[in-house]
Amino acid sequence: MAYTCEQCGAPIRGEDVSEELGIARCAACEAVFPLPQAVAPSAQPKDAPRRAVADLVLPKQMDIAVGGGNMVITWRWFTAKTVLLAVFALFWDGFLVFWWMGALASGATEMLLFSLFHVAVGVGLSYTAVAGFFNTTVLHASAAGLVVTHEPLPWLGAGPIARQELQQLYVEEVVNRGKNGTTITYRLRAKIQGRRDRTLLGGFSKPTPPQIIERAIEDHLGIRDQLLAEEYHRKPIL
């Protein structure tokens with residue numbers, strides 16, 4: 001069924017409609033509105049049957065292995081954007097090298113202090129690019145809980161979470177607005193009892209991969225899925 005935005009009248013894309021939640025979002029004006037004659041989420045069966053994880057089509061970067069009470073999900077970081085980031089980091093670092101060479105040759109050491117912030121940015125860009133080429137995230141779910149590792153390069157979000165402390169996994173939309181436009185990414189987060197929510201893995205260009213990971217781990221650990229206020233609202237019907 002085709003829908004149009006109640007605010008601006010623009011056509012609504014299929015991926016922006018959640019029949020399950022009874023809502024839609026307009027990509028043109030970002031308005032969120034209920035679908036006509038939609039069933040409210042609270043009126044829907046809480047334990048409605050869902051497709052088995054084994055029946056889902058996984059992204060090519062993802063592998064899921066289950067056996068012996070364990071589930072191991074592997075996510076490879078490399079994408080086409082990694083190459084673009086590497087080229088940009090190379091350009092950035094090359095500019096800084098020439099900057100430093102010129103400053104040292106002229107004896108203008110005060111210019112080096114001015115560039116320290118840019119050097120820090122260059123280091124961050126370079127580290128992120130290298131990690132994008134080589135890193136893999138492994139999420140190991142078992143009766144003991146969840147263990148997240150990023151390798152070979154260290155990254156935030158790694159470490160164990162005991163099963164009794166892991167209350168919920170959810171996907172969060174991250175919107176960054178800058179002078180060059182708006183970028184939207186998605187990240188997988190864990191709600192942990194008695195502690196701040198932890199980002200396990202981020203930088204996804206689409207919400208589906210982290211939602212599959214969320215769904216797989218919650219099903220394996222017997223965690224009942226709940227829609228949180230901070231969660232990305234357009235959950236797919238899996």
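The values are calculated or read from the model by the stated rules, or taken from the named source; none is laboratory data. Quick caveat: nothing in here was measured; it's all calculated off a predicted structure. Glycine also receives a Cβ, built like all others from the backbone with ideal geometry; neighbour counts cover every protein chain displayed.
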### Task
Taking Asp93 as meeting all but one of (1) surrounded by 14 or more Cβ atoms within 10 Å (Cβ to Cβ); (2) assigned by TED's automatic domain parsing to the domain that holds Pro59, write down the number of the exception.
(2)
### Query
Out of all the residues in region 6-19, which are among the hydrophobic types (A, V, I, L, M, F, W, C), assigned to a loop (DSSP other than H, G, I, E, B) and within 27 Å of the chain's Cα centre (by Cα)?
Ile12
### Summary
Restricting attention to region 57-71, the residues that are surrounded by 14 or more Cβ atoms within 10 Å (Cβ to Cβ) and without any contact (Cβ under 8 Å) to a residue 24 or more places away in the chain number exactly 1
### Task
Would you point out which residue out of Ala86, Ala52 is surrounded by 13 or more Cβ atoms within 10 Å (Cβ to Cβ), closer than 28 Å to Ile213 by Cβ and either among the hydrophobic types (A, V, I, L, M, F, W, C) or at pLDDT 75 or above (or both)?
Ala86
#### Entry: Residues satisfying the stated conditions in region 131-152, i.e. touching a residue at least 40 places away in the same chain (Cβ under 8 Å) and among the aliphatic types (A, V, I, L, M)
Ala131, Val138, Leu139, Ala141, Ala143, Leu146, Val148
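Looking only at region 132-156, filter to residues that are more than 23 Å from Ala216 (Cα to Cα) and in contact with a Ser or Thr (Cβ under 9 Å, 6 or more places away or on another chain); which one of those is surrounded by the fewest Cβ atoms within 10 Å (Cβ to Cβ)?
The qualifying residue surrounded by the fewest Cβ atoms within 10 Å (Cβ to Cβ) is Pro152.
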#### Entry: Every residue from region 213-238 that is farther than 21 Å from Arg25 by Cα and within 16 Å of the chain's Cα centre (by Cα)
Ile213, Glu214, Arg215, Ala216, Ile217
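Could you please let me know if Gly178 is within 19 Å of Glu231 (Cβ to Cβ) and not assigned by TED's automatic domain parsing to the domain that holds Thr128?
Values: within 19 Å of Glu231 (Cβ to Cβ): no; not assigned by TED's automatic domain parsing to the domain that holds Thr128: yes.
The answer is no for Gly178.
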#### Entry: Only one of Arg198, Arg215, Arg189 that is modelled with pLDDT of 95 or more, buried (at least 19 other Cβ atoms within 10 Å of the Cβ) and at negative phi
Arg189
